[in-house]
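K.L.:
I'd like to ask some things about the structure below.
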């Protein structure tokens, strides 16, 4: 009896997600269909991360970490751009808010949960500044422009307001 090759979910999920996305693209769809497409797209993202982990493991350190970081960044940017393109004018502040939310989740949520769980397990928690400092430095390249632009350029609706515009050259008279 010939051996039957088992098909991995990491190969099937992206193909099913692609077919489902092509089937519903540009159409109004019901809530159940939205849920099914969302589950398929999440499975495709998990499959992409799995493939990136396999490649990272084969490549080894330090390049494996770079492969994982690039894969996750591409996925995040792809999701943000897709949401912005599909929402029209309503998504003018989506990128800024998403980046701000990621920073808040990273800084407050993950670090707070780690400190809480560490203190529950060990009763006293020692803080190692090297770990969060690296993440903080890597994220500063996109954190600083978002916060600066948020404070000085955009009004509350995400559009440039005259009172908060960048300084411009005086008009010639």
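The values are calculated or read from the model by the stated rules, or taken from the named source; none is laboratory data. Just so it is clear, the model here is predicted, and its values are computed rather than measured. When we count neighbours, we look across all protein chains shown, and the Cβ atoms used for this are built from the backbone with ideal geometry, even at glycine.
K.L.:
If only one of 42, 105, 120, 110 is assigned by TED's automatic domain parsing to the domain that holds residue 16 and either free of Cβ contacts under 8 Å to residues at least 40 places away in the same chain or under 15 Å from the mean Cα position of the chain (by Cα) (or both), which one is it?
P.N.:
The conditions single out 42.
K.L.:
So if I check each of 67, 32, which one is at pLDDT 85 or above and exposed (fewer than 12 other Cβ atoms within 10 Å of the Cβ)? Outline the logic, then answer.
P.N.:
Details: 67 fails: exposed (fewer than 12 other Cβ atoms within 10 Å of the Cβ).
Only one candidate qualifies: 32.
K.L.:
Here's another thing I want to ask about it. Quick check, is residue 15 farther than 21 Å from residue 98 by Cβ and either surrounded by 11 or more Cβ atoms within 10 Å (Cβ to Cβ) or outside the structural domain of residue 100 (by TED's automatic domain parsing) (or both)? Give the steps one after another, and end with the answer.
P.N.:
On the way: farther than 21 Å from residue 98 by Cβ: yes; either surrounded by 11 or more Cβ atoms within 10 Å (Cβ to Cβ) or outside the structural domain of residue 100 (by TED's automatic domain parsing) (or both): yes.
When the stated conditions are applied, residue 15 passes them.
K.L.:
Let me ask something else. Would you mind stating whether residue 49 is within 27 Å of residue 99 (Cβ to Cβ), in contact with a helix residue (DSSP H, G or I) (Cβ under 6 Å, 6 or more places away or on another chain) and either surrounded by fewer than 12 Cβ atoms within 10 Å (Cβ to Cβ) or touching a residue at least 12 places away in the same chain (Cβ under 8 Å) (or both)?
P.N.:
Against the criterion (within 27 Å of residue 99 (Cβ to Cβ), in contact with a helix residue (DSSP H, G or I) (Cβ under 6 Å, 6 or more places away or on another chain) and either surrounded by fewer than 12 Cβ atoms within 10 Å (Cβ to Cβ) or touching a residue at least 12 places away in the same chain (Cβ under 8 Å) (or both)), residue 49 does not qualify.
K.L.:
Given 73, 93, 98, which one is modelled with pLDDT under 90 and touching a strand residue (DSSP E or B) at 6+ places or on another chain (Cβ under 9 Å)?
P.N.:
None of the others qualify; the one that does is 93.
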